[in-house]
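Read the structure below first, then the notes.
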Amino acid sequence: MKLGGLKSVENAHDDSVWAVTWAPATANRPPLLLTGSLDETVRLWRSDELVLERTNTGHCLGVASVAAHPLGSIAASSSLDSFVRVFDVDSNATLATLEAPPSEVWQMRFDPKGALLAVAGGGSASVKLWDTSTWELVATLSIPRPEGGSKPTDKSGSKKFVLSVAWSPDGKRIACGSMDGTISVFDVQRAKFLHHLEGHFMPVRSLVYSPYDPRLLFTASDDGNVHMYDAEGKALVGTMSGHASWVLCVDVSPDGGAIATGSSDRTVRLWDLAMRASVQTMSNHTDQVWGVAFRPPGGTDVRGGRLASVSDDKSISLYDYS
C-alpha cells in the first residue's frame, strides 16, 4: 500500500480540527467526510472533491469527537460542552441530545451493528452505552479502582480519565484508553470489566480493533509508540515506533493490512502490519495531527481507497491508496 496526496483544504474550519470520521455511503449518496473542530461546528464534505456540503452548529464549545452509524444515515458529535448531539446526516435534523456531567464526554463509537453508541466517559472513569433506538443510557462500564483501596482523597482515581473507546468487530468487546496509559477491556453483553492491557505509560488517545481479528487491538499513545495487543490474551504482541512525539490517533485500513497514525510531530505515517514497520511518512500538515480515518468500503462511485487527516493547522488532507 502506498499513499498519494489527493487534495488538501486549508482553513477547512475556523480553528483547530480535532475529529474526523466517514459517514458510509447510503442508497442515495456516496460516503461523506465529517470533521469536528474547536470552532464548535461539524462540517460535512463530499468525498473526493472535499467540497463543503454543510456546516452543523449546535454546540457551544469545541467538538471533541464525531462518530457515524454504520448505515451512514445517523451521526453524533460530542463537545467540551458535555453534550452529545445525534443528527440525521442528510437533513441535519437533531434526533437526540445526550447530556453528561462536565468533562465526561470524549471519544465516541457506534458498535458494528449500530445498536449502541459508546461514549468515553472522561472523569467518570467509565464508558457509557446508549441505545440508538431509544437514546436511553443502558449501561455504564466502570473501570475498577486498583486494589489496596485508594482513599477518596487520593488523586489516583483521576488517572483513569477515559479518553478513547473502540469496539471489536464482532461487537462483543469494548476497549478504552485512559490518561495514565492503561487500556481496559470489557465484555459488552455482561457489562463486565475483564482486564487491563499494560505497556503504555502516557495517555492513550486513540485505539482501534482489526476489522477481521476480534483479538487484535492497535493503540496510540503520547509515549510515542503504537502497540499491537492480543486483547483477549492480555499480551503485547508488537511495538512500533518512529514518530518523534506523541501519537494522537490511529486507524486501521479496511483490509486490515495497514494502519495510519497522526502525531504531534505534524506527520501522518502509514505502517505495514506484516512488516510491523513504518513504510511512509506524509508531511502535509504544519501542526499536530489529531485525526486519521480510512474511508469504509461501499458505495457505487468509489474509486480506490481513501485516507483523511485533520490537524490543529485547521486543514484537512485527503490521500488515495491502492
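The values are calculated or read from the model by the stated rules, or taken from the named source; none is laboratory data. Computed from a prediction, not measured in an experiment: that's the story for all the values here. Note that each Cβ is placed from the backbone with ideal geometry, even for glycine, and that neighbours are counted across all protein chains shown. Quick note on the areas: whole protein, heavy atoms, side chains included, nothing else; ligands and nucleic acids left out. Shrake-Rupley method; radii C 1.70, N 1.55, O 1.52, S 1.80 Å.
Rolling a 1.4 angstrom probe over the range 184-322 with all protein chains present gives an accessible area of which 48% lies on carbon and sulfur atoms. Annotation: for a label point projected 7 angstrom from Cα along Cα→Cβ of A191, residues of the range 127-146 with backbone N closer than 12 Å are 127-131, 137-142. Where the alpha-carbon atoms of the chain are placed on the principal axes, they occupy 56, 44, 33 Å, in descending order. As a length-normalised measure over Cα pairs under 8 Å and 6 or more apart, the relative contact order of the chain settles at 15 percent. Computed FRET efficiency, Cβ-Cβ of D272 and L236, R0 25 Å: what is it to the nearest 0.05? E between D272 and L236, to the nearest 0.05, is 0.85. With every protein chain in place and a 1.4 angstrom probe, the accessible-area ranking of E53, E232, E99, largest first, reads E99, E53, E232.
If packing is taken as the mean number of other Cβ atoms within 10 Å per residue, what is the order of 79-92, 163-176, highest first?
163-176, 79-92
For the peptides 188-196, 56-64, 257-265, the ranking by packing is 257-265, 56-64, 188-196, with the highest mean count of neighbouring Cβ atoms within 10 Å listed first. Since only T21, V84, V9 are under comparison, the one whose Cα sits farthest along the positive direction of the charge dipole of the range 1-154, derived from C-beta charges on Lys, Arg, Asp and Glu, is T21.
Per-peptide packing, taken as the mean over residues of other Cβ atoms within 10 Å, places 216-228, 276-288 in the sequence 216-228, 276-288 from highest down. According to the square roots a ≥ b ≥ c of the eigenvalues of the Cα gyration tensor, what is the shape class of the range 71-123, taking rounded for a/c under 1.5, prolate for a/b larger than b/c otherwise, and oblate for the remainder? Note, shape of the range 71-123 comes out oblate. Note: relative contact order over the range 148-284, using C-alpha pairs below 8 Å and six or more positions apart, is 14 percent. Pairs exceeding a 21 Å alpha-carbon distance, out of K128/K172; K7/K113; K160/K234; K172/K234; K128/K234; K160/K192: K7/K113; K128/K234.
Extension gain for S8-T57 works out to 15.3 nm (0.36 nm per residue, less the C-alpha to C-alpha distance). Remark: the chain carries 41 Å² of accessible area per residue (probe radius 1.4 Å; ligands, DNA and RNA excluded). Say each of A244 and A93 gets a label point 7 Å from the Cα, pointing the same way as Cα to Cβ; how far apart are those two points in nm? Inter-label distance under the simple model: 5.1 nm.
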